[in-house]
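Okay, so here's the structure we're looking at.
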Amino acid sequence: YEISTRDWSSDVCSSDLNRFMTTIGIIGCGAMGAGIAQLALQNGHRVVLFDQSLQAVKQAIQSIDGQLKKLIEKGRLSESQWTDCMGRLLQAEQLHDLQSSNLVIEAIIEDLSIKQSLFKQLEKHLSETCILASNTSSLSIAALSSVLTAPQRFLGLHFFNPATVMPLVEVIPGVRTSKESTVWVYNLMKDWKKEPVLAKDTPGFIVNRIARPYYSEALRIAEEGIADFATIDWAMKSQGQFKMGPFELMDFIGHDVNYRVTETVWKELFFDPRFKPSITQKRWFEAGLYGKKAGRGCYEYNSAASMPEPTKNPELAAVIFNRILSMLINEAADALYYQIATREDIETAMKKGVNYPKGLLEWGNQFGLQLVKETLHKLYHRYQEERYRLSPKIEDCIRANQLL
Ligand code: NAI
């Protein structure tokens with residue numbers, strides 16, 4: 001369906017105060033579930049937590065309590081607000097205890113059949129008007145909704161980690177999601193002072209699709225021996241003002257998570273070579289070298305290990321930066337071409353979801369679309385690989401003498 005800007009106006013959201021008087025159910029109380037629950041509490045909702053592990057619920061309650069107390073120390077929350085928040089936090093012992101929820105957000109393990117079986121059971125306990133959302137980072141919303149008798153009330157609601165800090169939320173209606181459910185959830189996110197963007201139900205949605213080359217092209221450059229990890233990280237930070245280099249960031253995210261997302265996006269896009277994962281990263285993943293949390297990934301993290309020094313060669317840095325940035329701009333342009341999201345939402349997503357210093361479309365215009373084209377063409381001819389094919393959007397803009 002078409003969405004007019006009127007649907008998303010702040011008038012709609014501020015006049016609909018009922019959204020604040022709602023109960024939010026959270027299923028899966030790990031890192032994401034706990035963060036989302038805290039957000040909902042701080043926004044005045046009654047929150048009901050459910051997890052298959054009682055221990056996980058207890059830990060989430062403790063973690064929320066601890067986070068809120070930190071806010072008191074910083075003077076950002078009063079004692080009475082803390083009492084009020086904790087008083088609205090409830091624990092469900094069975095799915096039936098979620099029956100009074102107006103919105104249930106699922107954040108359990110990233111597995112299609114496990115999520116589907118949960119939704120099938122859950123639907124029986126919910127009121128007809130309850131909206132159901134999944135925090136999935138990579139699964140198809142259409143596939144998840146296929147087990148529901150009322151798929152029109154189901155959608156993707158993708159928060160970024162940590163959910164209390166990162167402003168971006170991708171709102172992803174599936175082909176059978178109703179416009180009412182989408183608008184209600186979108187406006188709720190505005191009420192929570194988040195930055196919601198609307199994404200098509202396509203692999204990786206916006207951020208996890210467009211950001212792929214930041215990791216995979218960096219890995220490729222290292223695999224070819226053009227530069228080592230530290231030099232590539234340095235190049236991206238010094239030339240592009242990225243907060244973290246690709247290897248530092250992959251180690252931080254975890255190669256288990258990062259590799260799986262890359263593989264899923266590639267497979268779901270019918271093995272498009274542009275998204276082909278890296279063997280190097282697959283081996284780290286297989287060996288359990290997940291990065292920071294495992295003590296080793298691209299780098300070593302123990303008290304004896306020191307970070308390797310980059311080779312600070314400005315010419316090499318420019319080659320690395322131009323190659324990775326051109327790939328990122330091309331991906332953002334392609335997402336625009338295929339209408340994965342609006343221009344504005346593509347820009348917001350990369351700035352607010354992964355802290356990019358600039359929107360990639362704006363960056364493309366400043367960097368020069370002709371330069372992106374030349375960089376990709378050189379790579380395409382050198383490697384004879386579809387991985388480096390240019391987006392038709394860039395070609396169209398150059399031909400029409402327009403900006404992205
Ligand atoms: P996690 O592993 O920290 O927590 C998952 C929780 O779900 C655990 O407490 C587990 O006991 C519970 N659980 C598993 N199966 C269950 C079931 N059948 N019924 C009830 N509870 C069950 O996972 P995390 O990192 O919080 O991720 C959750 C979801 O959020 C996944 O879909 C993931 O892809 C997505 N996500 C994760 C992000 C991240 O950076 N960690 C970012 C954005 C989305």
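Separation of the stretch 255-297 from the stretch 155-224 is 19 Å, based on Cα centroids.
For the stretch 101-238, the residue among Pro203, Ile226, Ile141 whose Cα projects farthest onto the positive side of the dipole built from Cβ charges is Ile141. Working from Cα pairs under 8 Å separated by at least six residues, relative contact order for the stretch 199-330 is 34 percent. A simple count of charges around Tyr380, restricted to other residues whose Cβ falls under 14 Å of its Cβ and scoring Lys, Arg +1 and Asp, Glu -1, yields +3.
The angle separating the long axis of helix 343-353 from the principal Cα axis of greatest extent in the chain is about 80 degrees.
Note on the stretch 249-404: dipole from Cβ charges, positive end direction compared against Gly359, Ala294, Asn330; the farthest Cα belongs to Ala294. Of the three principal axes defined by the Cα atoms of the stretch 331-386, the extents in descending order read 35, 22, 18 Å. Start at zero, step by 10 Å, and the Cα-Cα distances of the chain spread as 5, 21, 30, 25, 15, 5, 0 percent across the bins. The dipole here belongs to the chain: it is taken about the Cα centre, uses +1 on the Cβ of Lys and Arg and -1 on the Cβ of Asp and Glu, and is about 220 debye. Across the chain, where is the longest run that never hits chymotrypsin sites (Phe, Trp or Tyr not before Pro) in a DSSP loop with at most 10 other C-beta atoms within 10 Å? Excluding the exposed sites themselves, the longest stretch runs over 2-269.
Full extension of the chain between Glu128 and Leu403 gives 94.3 nm of extra length, using 0.36 nm per residue less the Cα-Cα distance.
Residue pairs exceeding 21 angstrom between C-alpha atoms, taken from Lys243/Lys292; Lys276/Lys312; Lys69/Lys293; Lys282/Lys378; Lys194/Lys358; Lys115/Lys267: Lys276/Lys312; Lys69/Lys293; Lys282/Lys378. Farthest towards the positive end of the charge dipole of the chain, among the residues Ile24, Gln402, Leu71, is the Cα of Gln402, using unit charges on the Cβ of Lys, Arg, Asp and Glu.
I need the calculated FRET efficiency for the pair Glu395 and Arg283, taking r as the beta carbon distance and R₀ as 35 Å, to the nearest 0.05. Calculated transfer efficiency: 0.45. Against the chain, whose longest principal axis comes from its Cα atoms, helix 229-240 is set at around 80 degrees. Tell me the angle of helix 369-383 to the major Cα principal axis of the chain, expressed in degrees between 0 and 90 and rounded to the nearest ten. For 369-383 against the chain, the angle is about 70 degrees. Taking GluC sites (Glu not before Pro) that fall in a DSSP loop and have at most 10 other Cβ atoms within 10 Å as cut points, what is the longest piece of the chain between them? Maximal segment without exposed cleavage sites: 225-404. For Lys237, the aspartates and glutamates whose Cα comes closer than 19 Å to its Cα, not counting residues fewer than 8 places off in the same chain, are Glu217, Asp228, Glu248, Asp251, Glu309, Glu315, Glu362. Rounded to the nearest whole Hz, the Karplus-based 3J(HN,Hα) values (6.51 cos²θ - 1.76 cosθ + 1.60, θ = phi - 60°) of the stretch 164-172 follow the sequence 6, 9, 6, x, 6, 9, 8, 9, 10, with x at glycine and proline. In percent, rounded to a whole number, the relative contact order of the chain is 13, using alpha-carbon pairs under 8 Å and six or more apart.
Since every read-out is calculated from the coordinates, none of them should be taken as a lab result. Keep in mind the model is a prediction, meaning the values are calculated, not measured. Methodologically, a virtual Cβ is constructed for each residue, glycine included, from the backbone with ideal geometry; neighbour enumeration extends over all protein chains shown.
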